[in-house]
Amino acid sequence: MPRIRRAAGNHKVTVSTDAHGHTAGWASTDLEAALAVPPDLSAAAFFDVDNTMMQGASIYWFARGLAARKYLTTGDLVRYGWQQAKFRLMARENHGQMSQAKNAALAFVEGWRVDDMERLSEEIFDELMAERIWTGTRALAQLHLDAGQRVWLVTAAPVELGRVIAQRLGLTGAIGTVAEVRDGAYTGRLVGDLMHGPAKADAIAQLATVEGLDLTRCTAYSDSSNDIPMLSAVGHAVAVNPDTALRAEARTRGWDVRDFRTGRKAAKIAVPATLATGVLAGAITAGLAMRRRKSRP
């Protein structure tokens with residue numbers, strides 16, 4: 001009688017089959033339970049999105065999808081992409097620029113229906129973002145899922161977009177920038193600040209308290225030196241497709257490095273880059289706001 005060996009966590013499960021390949025002496029539910037990996041409730045993985053889980057910036061591709069629907073022009077996209085690359089390369093970021101980005105984000109969401117935002121996020125992910133998911137990073141996320149851990153995206157993009165990406169990838173959920181909602185529509189005010197830099201570290205610490213996670217057993221992944229606070233907050237940090245500053249920091253601290261780029265792909269993702277560099281958020285969202293009076297989702 002042939003025997004099939006399967007791994008379940010750190011345990012080996014042996015299943016007997018008859019000549020026809022049917023399981024012998026195992027109810028199907030018992031077999032599924034035996035092969036299931038027990039959840040690891042004290043550990044989780046946190047993934048940045050832009051240039052870590054996805055080639056380029058999710059908000060840029062979202063804007064591309066809106067442009068296809070006549071909410072933005074091609075000229076807007078070229079201008080915003082250039083500004084994004086310029087500020088990323090110059091590493092220019094200060095409080096004033098982030099305040100400008102926040103104020104523009106308010107103009108973007110004001111008056112939009114939440115269900116419309118979610119619908120557009122789903123459509124545009126399927127059209128433009130799905131093919132830009134780094135297969136290597138997705139595989140890393142799957143390793144955590146297979147180990148019974150929860151996997152969260154942590155992004156400066158609107159949390160609704162982050163949730164759609166997480167759902168499409170089969171992940172646990174997303175932490176993102178949150179806009180205030182009243183009667184199913186955005187009020188134009190943010191709840192807290194943009195999910196960026198130290199805010200990401202604070203957010204995962206709060207999630208750890210709520211979910212009972214041990215951050216020393218958790219893992220974080222990012223491409224950007226802006227996320228050093230988040231990477232420093234966990235027991236295991238991994239630099240994925242790192243920028244120059246993060247690569248140097250990873251070398252100094254002994255963090256793992258994973259780079260899934262080729263020369264061609266690296267050139268492609270220089271524009272667009274991450275949401276929260278310089279005034280990208282302000283550029284895109286201000287452009288959207290100017291057009292929302294002409295056309296609503």
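Restricted to segment 219-230, and to residues there that are in contact with a Phe, Trp or Tyr (Cβ under 7 Å, 6 or more places away or on another chain) and among the hydrophobic types (A, V, I, L, M, F, W, C), the residue that is surrounded by the most Cβ atoms within 10 Å (Cβ to Cβ) is ALA220. If I filter segment 148-161 down to residues being modelled with pLDDT of 95 or more and either basic (Lys, Arg) or out of contact with any helix residue (DSSP H, G or I) (no Cβ under 6 Å at 6 or more places or on another chain) (or both), which single residue comes out as nearest to LEU194 (Cα to Cα)? Within segment 148-161, the match that is nearest to LEU194 (Cα to Cα) is TRP152. Across segment 244-267, not a single residue is classified as charged (D, E, K, R), at pLDDT 95 or above and crowded, with 20+ Cβ neighbours inside 10 Å.
When THR216, THR172, THR209, THR187 are checked against the criterion of being under 12 Å from the mean Cα position of the chain (by Cα) and among the hydroxyl-bearing types (Ser, Thr, Tyr), THR172 stands alone in meeting it. Quick one: in segment 173-198, which of the residues that are of a type outside the set (Ser, Thr, Tyr) and over 30 Å from LEU246 (Cα atoms) is surrounded by the fewest Cβ atoms within 10 Å (Cβ to Cβ)? By that ranking, first place goes to ASP183. Close contacts from segment 220-236, counting a first residue that is in the same structural domain as PRO198 (by TED's automatic domain parsing) and modelled with pLDDT of 95 or more and a second that is polar (S, T, N, Q) and in a helix (DSSP H, G or I), with Cβ to Cβ under 6 Å and a gap of 6+ residues or different chains, come to GLY235/THR216.
Restricting the search to segment 140-157, which residues are buried (at least 22 other Cβ atoms within 10 Å of the Cβ) and assigned to a loop (DSSP other than H, G, I, E, B)? The answer is GLN149, and nothing else. Restricted to segment 158-172, and to residues there that are of a type in the set (A, V, I, L, M, F, W, C) and closer than 19 Å to PHE62 by Cα, the residue that is surrounded by the fewest Cβ atoms within 10 Å (Cβ to Cβ) is VAL159. In this entry, THR216 is excluded by the filter for residues that are free of Cβ contacts under 8 Å to residues at least 12 places away in the same chain, assigned by TED's automatic domain parsing to the domain that holds THR137 and surrounded by fewer than 22 Cβ atoms within 10 Å (Cβ to Cβ).
The values are calculated or read from the model by the stated rules, or taken from the named source; none is laboratory data. Everything quoted here is computed from the prediction, not taken from an experiment. Cβ: placed from backbone, ideal geometry, glycine included. Neighbour counts: every protein chain shown.
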